[in-house]
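Worksheet for the structure shown next.
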Amino acid sequence: MLIVHSISALRSTGAPSDNFIKVLGYYSAGDGGGGDFLWDALSTSAEDGGTIFESSLLTTGRWKRIYSGDVSVDWFGAKGDGSTNDTTAFQKLSAFINNQNGGSIVFGVNKIYIIGRQNFANGTGKGYAYQQQPVLKIENCTQPVMIKGNGAVLKFAGGMKFGSHDPVTGNAYIPSSMPFVNADYIGNIGTAIEANNNKDVSILNLEIDGNDTAQSIGGQWGDTGYQNDHTGIRAYGNETLTINTAQFHHLLLDGIMTGWTGLTEESPAKPTQLVNVNAHHNGRQGWSIVGGKCISAENCRFTDTGKSVLASSPGAGVDIEAEDSVVKNAIFTNCTFANNSGCGVVADSGNSSDIKFNKCNFYGTTSTSIFINKKRVVFEDCLISGEAYPSLATYANDTEKPRYKRCVFTPASYEGLPVFGTQLMDGSQPAIFDECLFYTTDTAIKLGTSVGVTYIDCRFLQNGSNGDSYIRGTFRGLNIVDITTGSNDFYGYKNEGDLKVSGNVLSIIKTNAGQSFTTSYAPLSRLRVGGINNDNIFNELKIWFNTDPPTIYMDYWNAGDIIFNTRLTPGVPLGWKCTVSGDPGTWVAFGIQGGVQAAAQANSTATDVAGVVTDLNALLTKLKASGLMD
């Protein structure tokens, strides 16, 4: 068998006697682009740059690569040396796979492929200032497509134009106002891997580096921020999509964008699966989900969005936002959403529902941890740190409401960064919390001021803060409130189970500006509760613990309010009940500490009826005087 060192040498070789030739490399021996070739004397097929080559010595006949299985991008001239731009090789590989209707692609082990190229408009009216060229674009394949990364890196070339640029001069253009959507000024860097309308796509063991610090950034373009294309993977309309063990970072738009146009509630499943994916330091999103049914992510991280060169809205770890489609039946397991400029996860617009987060961690450092505005969203066994918006919509019934099961809400730090917000969550809209723990050590348990949430078998622990808490809503099952310092307001609550309150539980009762309680009237503990009666009128009952009934202004009291006496001296009242509403109102003592005893009454020595009546009346007088008889 004849042996040559490069594809260039192959093209300069005629047919040997045995029609076989071994090529040691594309450019030089051992670079991964070599292989075995067979001469096909009758072929006039077009050269594809990787598997078919012409001979400069003959007009008829072609060298055809002998292979089965994987197709390497190195066969098409990619060097993967970290400096040479390999975009052309990826474009040739794309054409080959699309022509074959699918196939298995392989990258060189741990190689760094430089990608990305733009066309400059050099004039107006073209609909772009800088137009991205496709890199690896796989479309309409009816056979499976597998991309085996082998630990390789696809790294965007530096110096490309992003944002708004003048289409004539190429200089950065700063719009006078936003939104700005003049297409002639758009600069797109492009997408590393596009996969559209394929039967089955799998992407394994790959890293995509947007190289954002090396790009030339102009003014903003879009409705807000920078909505130009610079994405790791964009995948639309694939019957199945799997991304396993991959990293997407420092892209100026999204790490990953997946979608399916035209899906409805009745459409069959279109599985999209992410496993061991790390999307971090991207400009707009770690993952944008704009359509799909049967979506899953396991052991993934979506962090630090908007924490590199640019931050564009929404700035989320994951944005669930159906566009001309639905997002339905999604599950996230053992995933982390942390330190994003926007929400850890946001589900706010579009037809999205039936989403579950299982054993996930959410850390909001500069924005909210979660922002949920959709039906049938479930969180189970999750840690949620940083102010959360667990529910923002109205729902027809409890089944539709977001539900949180065995979740922990606490201001836990992420990598030493501060925790966002002044409350654990904004409970302004209905949601259900089942067996959840709300725990703080240096701030109050602030859950918003709405009574529309439901707590089932939850625990609220505030230890180390003197702040004012708000734990309001409907309580079912056994709920335990343990506030060792500070105070709480149950205003408007509804109890349908057992509510166990321990520690120093106080309500928030307003006083006149600048007025405070005197020491003698400062309550040791107070509880304010209430509910809606059958006439839809809110009734409130205040239960206090103090040494005396109020005699100066403290609050407006309603008939039925109670103050229990904290002095344990025998003979003093057990407490006082307000009988006439007012400020301070009218109070009547009830009960006696240590029990009630009437004055002593000697045994009767009467010898006739009149004497017995006299002794009995004396006894009745003493019983009435003691309060034992009216």
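The values are calculated or read from the model by the stated rules, or taken from the named source; none is laboratory data. As the structure is a computational prediction, the values presented were derived from the model and not from experiment. Don't worry about glycine lacking a Cβ; one is built from the backbone with ideal geometry, like all the others, and counts go over all protein chains shown. Note: accessible area is taken over every heavy atom of the protein model, side chains too, but ligands, DNA and RNA are not part of it. Shrake-Rupley method; radii C 1.70, N 1.55, O 1.52, S 1.80 Å.
Here is how the numbers come out for the structure above:
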item: Test: residue in region 467-482 that is touching a Phe, Trp or Tyr at 6+ places or on another chain (Cβ under 9 Å), basic (Lys, Arg), under 21 Å from Lys542 (Cβ atoms) and modelled with pLDDT of 75 or more; result: yes
item: Near pairs, Cβ below 9 angstrom, 6+ apart or cross-chain, from region 541-566 (acidic (Asp, Glu)) to any residue that is exposed (fewer than 14 other Cβ atoms within 10 Å of the Cβ) and at pLDDT 75 or above; result: Asp548/Arg567; Asp555/Asp583; Asp561/Ser581
item: Ala330 being touching a residue at least 40 places away in the same chain (Cβ under 8 Å), touching a strand residue (DSSP E or B) at 6+ places or on another chain (Cβ under 7 Å) and either outside any strand (DSSP E or B) or over 16 Å from Thr231 (Cα atoms) (or both); result: yes
item: Residue in region 34-54 that is at pLDDT 95 or above, in a strand (DSSP E or B) and of a type in the set (Val, Ile, Thr) present; result: yes
item: Any hit, region 124-141, residues being crowded, with 23+ Cβ neighbours inside 10 Å, within 29 Å of the chain's Cα centre (by Cα), within 24 Å of Tyr226 (Cβ to Cβ) and β-branched (Val, Ile, Thr); result: no
item: Odd one out for Val277 among (1) free of Cβ contacts under 8 Å to residues at least 40 places away in the same chain; (2) among the β-branched types (Val, Ile, Thr); (3) more than 22 Å from Val346 (Cβ to Cβ); result: (3)
item: Region 53-93, residues that are surrounded by 14 or more Cβ atoms within 10 Å (Cβ to Cβ) and on the phi > 0 side of the Ramachandran plot; result: Gly61, Gly77, Gly80
item: Residue in region 205-227 that is under 23 Å from Gln143 (Cβ atoms), within 23 Å of the chain's Cα centre (by Cα) and surrounded by fewer than 24 Cβ atoms within 10 Å (Cβ to Cβ) present; result: no
item: Residue, most open to solvent (accessible area, probe 1.4 Å), within region 279-292, restricted to residues that are in contact with an Asp or Glu (Cβ under 9 Å, 6 or more places away or on another chain) and outside any loop (DSSP other than H, G, I, E, B); result: His280
item: Residue ID - farthest from Gly225 (Cα to Cα), chosen from residues in region 365-375 that are modelled with pLDDT under 95 and assigned to a strand (DSSP E or B); result: Lys375
item: Residue within region 143-156 that is of a type outside the set (Phe, Trp, Tyr), open to solvent by less than 60 Å² (accessible area, probe 1.4 Å) and farther than 24 Å from Ile203 by Cβ present; result: no
item: Residue identified as of a type outside the set (Gly, Ala, Ser) and modelled with pLDDT of 95 or more among Tyr439, Tyr404, Tyr395; result: Tyr404
item: Residue within region 534-548 that is at pLDDT below 80, basic (Lys, Arg) and surrounded by 12 or more Cβ atoms within 10 Å (Cβ to Cβ) present; result: yes
item: When residues of region 189-204 are limited to those that are among the small types (Gly, Ala, Ser) and surrounded by 20 or more Cβ atoms within 10 Å (Cβ to Cβ), the one nearest to Ile114 (Cα to Cα); result: Ala192
item: Which numbered condition Trp221 misses (of (1) touching a helix residue (DSSP H, G or I) at 6+ places or on another chain (Cβ under 9 Å); (2) farther than 25 Å from Ala121 by Cβ; (3) of a type outside the set (Gly, Ala, Ser)); result: (2)
item: Filter result for Asn238 (touching a Cys at 6+ places or on another chain (Cβ under 7 Å), buried (at least 19 other Cβ atoms within 10 Å of the Cβ) and over 20 Å from Ala157 (Cα atoms)); result: no
item: Elements of type strands (runs of 3 or more DSSP E) in region 378-452, at least 1 residues being open to solvent by 30 Å² or more (accessible area, probe 1.4 Å); result: 383-385, 403-405, 437-440
item: Residues that are open to solvent by 40 Å² or more (accessible area, probe 1.4 Å), in a loop (DSSP other than H, G, I, E, B) and either among the β-branched types (Val, Ile, Thr) or within 18 Å of Met425 (Cα to Cα) (or both), drawn from region 342-364; result: Asp348
item: Leu241 being touching an Asp or Glu at 6+ places or on another chain (Cβ under 9 Å) and in a loop (DSSP other than H, G, I, E, B); result: no
item: Residue within region 590-600 that is within 30 Å of Lys542 (Cα to Cα), open to solvent by 60 Å² or more (accessible area, probe 1.4 Å) and modelled with pLDDT of 80 or more present; result: yes
item: Hits in region 311-341 - residues which are within 14 Å of the chain's Cα centre (by Cα), open to solvent by less than 20 Å² (accessible area, probe 1.4 Å) and closer than 12 Å to Arg284 by Cβ; result: Gly315, Ala316, Gly317, Val318, Asp319, Asn340
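So that you can scan it fast, the table gives a plain yes or no per residue for (1) under 21 Å from Ser469 (Cα atoms); (2) hydroxyl-bearing (Ser, Thr, Tyr):
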| residue | (1), (2) |
| --- | --- |
| Ile331 | no, no |
| Phe362 | no, no |
| Asn373 | no, no |
| Arg376 | no, no |
| Ser385 | yes, yes |
| Ala393 | no, no |
| Thr399 | no, yes |
| Pro411 | yes, no |
| Ala431 | yes, no |
